[in-house]
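*Asks:* I am attaching a structure below and will ask some questions about it afterwards.
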């Protein structure tokens, strides 16, 4: 696979040539990188023309990723997990103790995991699980996730009562939730 950087007007993109590629594919990564994967003998003039034609589609998506609160969250790797697990646990315990001064709820075990699609979870036994990637999030989002799981100890659902509990310490939870969904 050969890789090189191209710049076409406002869009800088990486070109990857692949023997397995059958057609042109443009991917926009969470960190804002634009990568064009093309067959090995693909004409780069066609690629430049394609990028120009799709500029109105590419630029807003790059801007969306660059403004996302999740842009600094790395892809899952065992190495990242090992390096950040203890830091994540200390951070979560500190936040749990801080917010639980208000709620006064009882929880059992707190675990840090390397999860793909969840930021946290709560079991019926009162065990709280959090994703190690919380350490890479802005404080406001971290607080929301910790409070969200903490409130599940009292309301094991997403009823109005649950959201009322969350809103007592995170009044702007709706905006935070929306930013997480859009990211």
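*Asks:* If you check residue 159 against the conditions, is it closer than 16 Å to residue 177 by Cα, modelled with pLDDT of 90 or more and over 21 Å from the mean Cα position of the chain (by Cα)?
*Replies:* yes
*Asks:* Now, a different point. Which strands (runs of 3 or more DSSP E) does the stretch 1-103 wholly contain that include 1 or more residues that are at pLDDT below 85? I'd like the intermediate steps shown before the answer.
*Replies:* Details: elements: 2-8, 11-18, 25-28, 34-39.
Answer list for the stretch 1-103: 2-8, 11-18, 25-28.
*Asks:* Right, another one. Of 116, 142, which residue is exposed (fewer than 13 other Cβ atoms within 10 Å of the Cβ), assigned by TED's automatic domain parsing to the domain that holds residue 95, in contact (Cβ under 8 Å) with a residue 24 or more places away in the chain and closer than 22 Å to residue 64 by Cβ?
*Replies:* When all the criteria are applied, what remains is 116.
*Asks:* Here are some conditions: (1) surrounded by 12 or more Cβ atoms within 10 Å (Cβ to Cβ); (2) out of contact with any strand residue (DSSP E or B) (no Cβ under 6 Å at 6 or more places or on another chain); (3) modelled with pLDDT of 95 or more. Residue 164 meets all but one. Which one does it not meet?
*Replies:* Just one mismatch for residue 164, condition (1).
*Asks:* Say whether the condition of being touching a strand residue (DSSP E or B) at 6+ places or on another chain (Cβ under 7 Å) and at pLDDT below 90 is met by at least one residue in the stretch 108-118.
*Replies:* yes
The values are calculated or read from the model by the stated rules, or taken from the named source; none is laboratory data. None of these values were measured; they are calculated from a predicted model. Counting neighbours? That spans all protein chains shown, and the Cβs are built from the backbone with ideal geometry, glycine included.
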